[in-house]
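All remarks here apply to the structure that follows.
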Amino acid sequence: MADAVSTALEQQRRLVADTSHQLRNPLAALRLRIDSLQPHLRASAGRTYTGVTAELERMEHLLDDLLTLANAEHRAGELAVTKARASCCDATAVAAAQVRLWQPVAEQAGVRLEFAPGPAVLMACPEGELAQVAGILFDNAIKYAGSGARVEARCVTEGADAVFEVEDDGPGLDSGELSRAGTRFWRSERHREVRGSGLGLAIAERLVAGHAGHVAFTAAEPHGLRVRVVLPKGHAV
C-alpha cells in the first residue's frame, strides 16, 4: 500500500513537472515574439504591451509555483506514508539568515523587517524546507503590509512545540479572509493588483504539514496579520 501511494504521488509530481516544461517552451517563444514587436509599436500601444508582458510573467511565475506545490505535496505524502521524520534544525539561525536575505527587499518596499535573535529553537524540519517557508512568509508580509509597515519575526518554544512566527502591522485580513488564507489560488480582493499566484501560503502549509505541523493565521493587535508555523520540537543528536 505504501509503495502504491508513493508511486501515485510521484506520478502526480511528474505530471505537473512535465506539463510545466511543455508550457514553458511556447511561453518563452511567445515572449521573444512580443519583445521583437516592441520597437515597431506606436507610443499609444505602450500600455497594451506592458499589460501583455505582465500577464506572461504572471503565467511563468504560476508555472513555477505549481511545480513547487507539487513537490511539496509529494514530500508531505511521502513522509506520511513512510512515517519518517527528517532531521531537525535551529529555527532561530534559519530565521536570522532569511531576515538578512530579505532585508534589502524590505528596505526597497519601505518596510521595517525586524528579528531579535534569541536562544536556539530546535524544530523538527530540515533547514532548507524551513528556509523556504520563511521566505514565503517574509515575501507575503513585505508585499501586503505596505510601505511604512513593520514586520517582526520570532522563534519560541511552547511546550512540545517549536514556533516560527511572522507578524506585521499592515491592514491584515478580516475574519472571513482569515479562514481562507492558505487556500490555493485565493487572494484578497484588495490585493488583486499585487503580483503573485496565490499559491505561496499553500506551499508553506504543505511543507509544514509533511512534518506533523500546521500554519495558523490570526489577526494581530491593533491591526495586521500574524502567521504561526507550529512544528514539533527537534532533539539534538
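The values are calculated or read from the model by the stated rules, or taken from the named source; none is laboratory data. This one's a predicted model, so the numbers in the text were calculated from it and none came from an experiment. Cβ placement follows ideal geometry from the backbone for every residue including glycine, while neighbour counts extend to all protein chains displayed.
Does any residue of segment 124-145 turn out to be modelled with pLDDT of 95 or more, under 23 Å from residue 222 (Cα atoms), in a strand (DSSP E or B) and among the aromatic types (Phe, Trp, Tyr)?
No, segment 124-145 contains no residue that is modelled with pLDDT of 95 or more, under 23 Å from residue 222 (Cα atoms), in a strand (DSSP E or B) and among the aromatic types (Phe, Trp, Tyr).
Just one of the numbered conditions (1) modelled with pLDDT under 95; (2) aliphatic (A, V, I, L, M); (3) assigned by TED's automatic domain parsing to the domain that holds residue 97 is not true of residue 153; which one?
(1)
Output the residues belonging to segment 56-95 that are modelled with pLDDT of 70 or more, under 24 Å from residue 161 (Cβ atoms), out of contact with any strand residue (DSSP E or B) (no Cβ under 6 Å at 6 or more places or on another chain) and assigned to a helix (DSSP H, G or I).
72, 73, 93, 94
Out of segment 157-187, which residues are of a type in the set (A, V, I, L, M, F, W, C) and buried (at least 21 other Cβ atoms within 10 Å of the Cβ)?
Result: 162, 164, 166.
Of the residues 226, 154, 190, which single one is surrounded by fewer than 16 Cβ atoms within 10 Å (Cβ to Cβ) and out of contact with any helix residue (DSSP H, G or I) (no Cβ under 7 Å at 6 or more places or on another chain)?
Matching residue, one of 226, 154, 190: 190.
Would you check if there is a residue in segment 28-44 being of a type in the set (Asp, Glu), at pLDDT 75 or above and surrounded by fewer than 11 Cβ atoms within 10 Å (Cβ to Cβ)?
no
Let me spell it out: the conditions are (1) aliphatic (A, V, I, L, M); (2) at pLDDT 90 or above; (3) outside the structural domain of residue 157 (by TED's automatic domain parsing), and residue 237 meets all of them except one. Which number is the exception?
Of everything listed in (1) aliphatic (A, V, I, L, M); (2) at pLDDT 90 or above; (3) outside the structural domain of residue 157 (by TED's automatic domain parsing), residue 237 misses just condition (2).
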